[in-house]
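The next block holds one structure in the form of structure tokens; read it before the comments.
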Amino acid sequence: MAVTPRGTTPVPPDARPRLTVLSGPSGVGKSTVVAHMRKVHPEVWLSVSATTRKPRPGERHGVQYLFVDDEEFDKLVANGELLEWAEFAGNRYGTPRQAVLERLEAGEPVLLEIDLQGARLVRESMPEAQLVFLAPPSWDELVRRLTGRGTEAPDVIERRLTAAKVELAAEAEFDTTLVNTSVEDVARELLALMRVV
Ligand SMILES: Nc1nc2c(ncn2[C@@H]2O[C@H](COP(=O)(O)OP(=O)(O)O)[C@@H](O)[C@H]2O)c(=O)[nH]1
Ligand SMILES: Nc1ncnc2c1ncn2[C@@H]1O[C@H](COP(=O)(O)OP(=O)(O)O)[C@@H](O)[C@H]1O
């Protein structure tokens, strides 16, 4: 058996911590799945994005998002502080770069919950990232969930459903699709993909 000096054992590629990107149309259940996953495994780290969107009732700065105004977002972009950013349904969203890189360097798995445009940008800049698409059981169920959530006005729901058609058409670009029928099942599958369990 070959003896490798201590400290120089090569890390097999599949043991490396991975950057996982979770995308899917608005209302499919991304936040619900991630919240459940973190209830079961609080140690899983999720990047907190910056956004120019206004907080929904119950959302808090630094928890769901870093809520910033247009000027602050411009600064984050100009200073190169975002790993990626995109405009989605009239607001801008971006992933703070430093925290993600620090976690990956520390050997921890990292999860980004971002839109299709962001997923494409991450694929370009970090080809080792795995892209996971969260799909609804059906179009009608997606409309029911988005409408039933009751957080958006009808015109905003329309914009999001228009974006959803584009996102659903891009499913084949992703490495894996998970269909969100059961939150518990999807959370378990996602944890397995991230090699947390
Ligand atoms: N590109 C990019 N998209 C993001 C980021 N953060 C959130 N998003 C996406 O922006 C979209 C809208 O998010 P949000 O307004 O919270 O609505 P929700 O996903 O329907 O609850 C979703 O597809 C999110 O995944 C980010 O940092 N970058
Ligand atoms: N598997 C599921 N079955 C039924 N309803 C779900 C499921 N997952 C999420 N929901 C509901 O769908 C709505 C949208 O979920 P949310 O997590 O806000 O979606 P997203 O973050 O993708 O926009 C919420 O009201 C949520 O409770």
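Being modelled with pLDDT of 95 or more, farther than 27 Å from residue 196 by Cα and within 8 Å of ligand 1 (Cβ to nearest atom) is a description that does not apply to residue 79. Filtering the range 93-101 for residues that are free of Cβ contacts under 8 Å to residues at least 40 places away in the same chain, among the hydrophobic types (A, V, I, L, M, F, W, C) and within 16 Å of ligand 2 (Cβ to nearest atom) leaves an empty set. Exactly one residue out of 113, 152 is at pLDDT below 95, touching a helix residue (DSSP H, G or I) at 6+ places or on another chain (Cβ under 9 Å) and within 13 Å of ligand 1 (Cβ to nearest atom), and it is 152. Here residue 64 clears all of (1) within 12 Å of ligand 1 (Cβ to nearest atom); (2) open to solvent by less than 40 Å² (accessible area, probe 1.4 Å); (3) modelled with pLDDT under 95 except the condition numbered (2).
Against the condition away from ligand 1 (no atom under 11 Å from the Cβ) and either assigned to a helix (DSSP H, G or I) or open to solvent by less than 40 Å² (accessible area, probe 1.4 Å) (or both), how does residue 99 come out, does it pass? Judged against the criteria, residue 99 is a match. Candidates in the range 136-158 are the residues that are under 20 Å from the mean Cα position of the chain (by Cα) and in contact (Cβ under 8 Å) with a residue 60 or more places away in the chain; of these, the one that is nearest to residue 122 (Cα to Cα) is 136.
Looking only at the range 116-138, filter to residues that are within 12 Å of ligand 2 (Cβ to nearest atom) and touching a Ser or Thr at 6+ places or on another chain (Cβ under 6 Å); which one of those is most open to solvent (accessible area, probe 1.4 Å)? Filtering first and then ranking leaves 137.
Inspection of the range 156-169 finds no residue satisfying the criterion of being modelled with pLDDT under 95, out of contact with any Gly (no Cβ under 7 Å at 6 or more places or on another chain) and at positive phi. Here the range 139-197 is the region considered, the condition is being open to solvent by 90 Å² or more (accessible area, probe 1.4 Å) and assigned to a loop (DSSP other than H, G, I, E, B), and the residue that is farthest from ligand 2 (Cβ to nearest atom) is 195. Condition first: within 16 Å of ligand 2 (Cβ to nearest atom), closer than 21 Å to residue 181 by Cβ and at pLDDT below 95. Can you find one or more residues in the range 41-56 that meet it? No - not one qualifying residue is present in the range 41-56.
The values are calculated or read from the model by the stated rules, or taken from the named source; none is laboratory data. Values in this document were obtained by computation on a predicted structure and should not be read as measured data. Cβ coordinates were reconstructed from backbone atoms using ideal geometry, including for glycine residues, and neighbour counts include every protein chain displayed. When the accessible area is computed, the model is the full protein with side chains, heavy atoms only, and any ligands, DNA or RNA have been set aside. Shrake-Rupley method; radii C 1.70, N 1.55, O 1.52, S 1.80 Å.
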